[in-house]
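The values are calculated or read from the model by the stated rules, or taken from the named source; none is laboratory data. All values derive from a computational prediction rather than experimental measurement. Cβ coordinates were reconstructed from backbone atoms using ideal geometry, including for glycine residues, and neighbour counts include every protein chain displayed.
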Amino acid sequence: MHNPKEYDPYNSIVPIYIETEIPKRTMQIGTGIFLDFRNTPILLTAAHVTDDLKNGELLVPTRDGLRPIEGYMAHIDLPPEIPRSEDNVDIAYYRLSSNFATLMCFEFWPLPPTKIEIIPTALKLSVCSITGFPSSKSKKNNEGTHTSNIFSYRGVLASQETYKEHSLRPEQNILINFNRKNAVSPEDMNKVVPPSPKGLSGGAIFAWPDGEEISEDWTLPKLVGIFHSYKQNSGLMIGTSLISVVAAITLGEMKNYDGVV
């Protein structure tokens, strides 16, 4: 039986690939979060990742290799005049088919409810880690197998003034201060240049408890949001808290996920 106390949240973070015909290729474009939500298998990601369905099929690793994601997909629609780049929520999810979720469990394990927290405001948080798969770490070997390496970026939460400056709300968004030029390794505190966050879209935002801000014990943090944007000039990593996700999934439940089981 799975023991949540020994759970490693890295087991729930999933690289998302796209397979296109023109040009014919498969490449990693985003990250997903595999979780158990009300005993339902869900894969969270960013809406601008699922927008790429117009260009090809989205794939994730399974027992049978990279496979197209199977299930009910939903995201928050925007008015036609608003581009996705101006979407401050930018979330999407799959209600995975049970059979497909079982195939994924060969490589991953759904994040249990005990590791998920719905926060009323991001201003109550102190330090968060953004975790996902940078595209630059994705490789294809001679046998045609794709691999990718997970990476985490840790930073201090932004002030209320920063939210106002960017016209964002801490009840909905999570803003984390992160400057790649000033990054240090948590192991020895020496300066290090982390990989570009490209490919991290849809990745997890984990909040560290008070007093454990520099801990490396990954049994401690909880999932509080989905990452979707990095503003390099402002030194900000931006995501959406899970309250918006819960609202979207609840609407899907009311529609019975179009009958997906």
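Observations on the structure shown:
- Of all the criteria given as (1) of a type outside the set (Asp, Glu); (2) under 20 Å from residue 46 (Cβ atoms); (3) within 17 Å of the chain's Cα centre (by Cα), the one not satisfied by residue 109 is (2).
- Test: residue 214 is at pLDDT 95 or above and either among the hydrophobic types (A, V, I, L, M, F, W, C) or surrounded by 18 or more Cβ atoms within 10 Å (Cβ to Cβ) (or both): no
- Positions within segment 135-165 being within 23 Å of residue 86 (Cα to Cα) and modelled with pLDDT of 95 or more, in sequence order: 157, 158, 159, 160, 161, 162, 163, 164, 165
- Residue match in segment 126-138 (condition: touching a helix residue (DSSP H, G or I) at 6+ places or on another chain (Cβ under 7 Å) and surrounded by fewer than 16 Cβ atoms within 10 Å (Cβ to Cβ)): no
- Residues (outside any strand (DSSP E or B) and touching a strand residue (DSSP E or B) at 6+ places or on another chain (Cβ under 7 Å)) located in segment 211-231: 213, 215, 220, 221
- Unique match (being among the hydroxyl-bearing types (Ser, Thr, Tyr) and assigned to a strand (DSSP E or B)) among 136, 167, 152: 152
- Taken over segment 145-159, the residue count meeting the criterion of being more than 21 Å from residue 117 (Cα to Cα) and not small (Gly, Ala, Ser) is 6.
- Within segment 5-24, being modelled with pLDDT under 95 and either surrounded by fewer than 12 Cβ atoms within 10 Å (Cβ to Cβ) or of a type in the set (A, V, I, L, M) (or both) holds for 5, 6, 8, 21, 22, 23, 24.
- Residues that are assigned to a helix (DSSP H, G or I), surrounded by fewer than 18 Cβ atoms within 10 Å (Cβ to Cβ) and either of a type in the set (A, V, I, L, M) or on the phi < 0 side of the Ramachandran plot (or both) within segment 249-261 comprise 250, 251, 253, 254, listed in sequence order.
- Tally of residues being β-branched (Val, Ile, Thr) and exposed (fewer than 13 other Cβ atoms within 10 Å of the Cβ) across segment 217-248: 1
- Of the strands (runs of 3 or more DSSP E) that lie entirely inside segment 8-111, those containing 1 or more residues that are touching a residue at least 40 places away in the same chain (Cβ under 8 Å) and farther than 24 Å from residue 206 by Cα span 13-20, 25-37, 57-62, 65-68, 71-75.
- Of all residue pairs spaced 6 or more apart or on separate chains, those with beta-carbon atoms under 9 Å, a first member in segment 186-202 that is more than 30 Å from residue 50 (Cα to Cα) and a second member that is modelled with pLDDT under 80 and of a type in the set (A, V, I, L, M) are 190/184; 191/183; 191/184; 192/183; 192/184.
- For segment 192-210, the candidate set comprises residues that are part of a strand (DSSP E or B) and over 18 Å from residue 148 (Cα atoms); within that set, the residue that is nearest to the chain's Cα centre (by Cα) is 205.
- Residue within segment 81-97 that is farther than 26 Å from residue 214 by Cα, crowded, with 16+ Cβ neighbours inside 10 Å and of a type in the set (Val, Ile, Thr) present: yes
- Taken over segment 170-184, residues that are at pLDDT below 95 and assigned to a loop (DSSP other than H, G, I, E, B) amount to 3.
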